[in-house]
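The values are calculated or read from the model by the stated rules, or taken from the named source; none is laboratory data. Since the model is a prediction, treat every value here as computed from it, not as a measurement. FYI the Cβ positions are ideal-geometry reconstructions off the backbone, even for glycines, and counts take in every protein chain you see.
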Amino acid sequence: MVVDEFEHLTHPDILAGLAHWLRHQPPWLTLTLASRSRPALGLASLRLRGEIEEIDLHALAFDSEEAQTLCAEQLSFPPTRVSLERALRRSGGWVMALSWLVERTTTRAGFDALVDRLSGAHPDFVAWFDELLSAALPLEERELMLQLGVLERFSPELMARLLEGGAPDPAVGSL
């Protein structure tokens, strides 16, 4: 069974039922959850027993071959192997950053210059990503994302402390 966009399931009864089902899952059925965040379903025990397989950010990052394919399909010139490896190191293989790089380059020298600028802290990169978020999210959700952006994963306790002790915004439920 596959449940895509699991992050949108927020009703407590559904989550409790699914957590119970996971603890008593029939051996003949495999459940696949696709989510942008780690579901709060008590998965730690499944991880410890080796009964769960996860695909995390590292597995989603592009490797050299995938980055080379992206460049071959999108650029009229192949970047040098050294430049491409540097781009992968600087971006962590993050597909969005590599796409940004490919979209904005027209020459090998331009590719190398953009690789030098490629950094999550670079003002242009941050502004570009902010433009993407601005187009996709309402203002309240963008502000919340900025507040919670320092967290690798969410938990009610961490969010409450980060939000200065206040109750988490209803928008947190949609995250």
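At a glance:
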read-out	value
Matching residues in region 96-130 - criterion: being farther than 15 Å from SER83 by Cβ and either modelled with pLDDT under 80 or outside any helix (DSSP H, G or I) (or both)	SER119, GLY120, ALA121, HIS122, PRO123, ASP124, PHE125, VAL126, ALA127, TRP128, PHE129, ASP130
Qualifying residue in region 18-32 (condition: of a type in the set (Lys, Arg), touching a helix residue (DSSP H, G or I) at 6+ places or on another chain (Cβ under 6 Å) and not assigned by TED's automatic domain parsing to the domain that holds VAL115)	no
Boolean, HIS58 is out of contact with any strand residue (DSSP E or B) (no Cβ under 8 Å at 6 or more places or on another chain) and in contact (Cβ under 8 Å) with a residue 40 or more places away in the chain	no
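Each row is one residue, and each column tells you yes or no for (1) in contact with a Leu (Cβ under 6 Å, 6 or more places away or on another chain); (2) surrounded by 14 or more Cβ atoms within 10 Å (Cβ to Cβ); (3) within 30 Å of VAL2 (Cβ to Cβ).
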site	(1), (2), (3)
MET96	no, no, yes
THR107	no, no, no
ASP112	no, yes, no
VAL115	no, yes, no
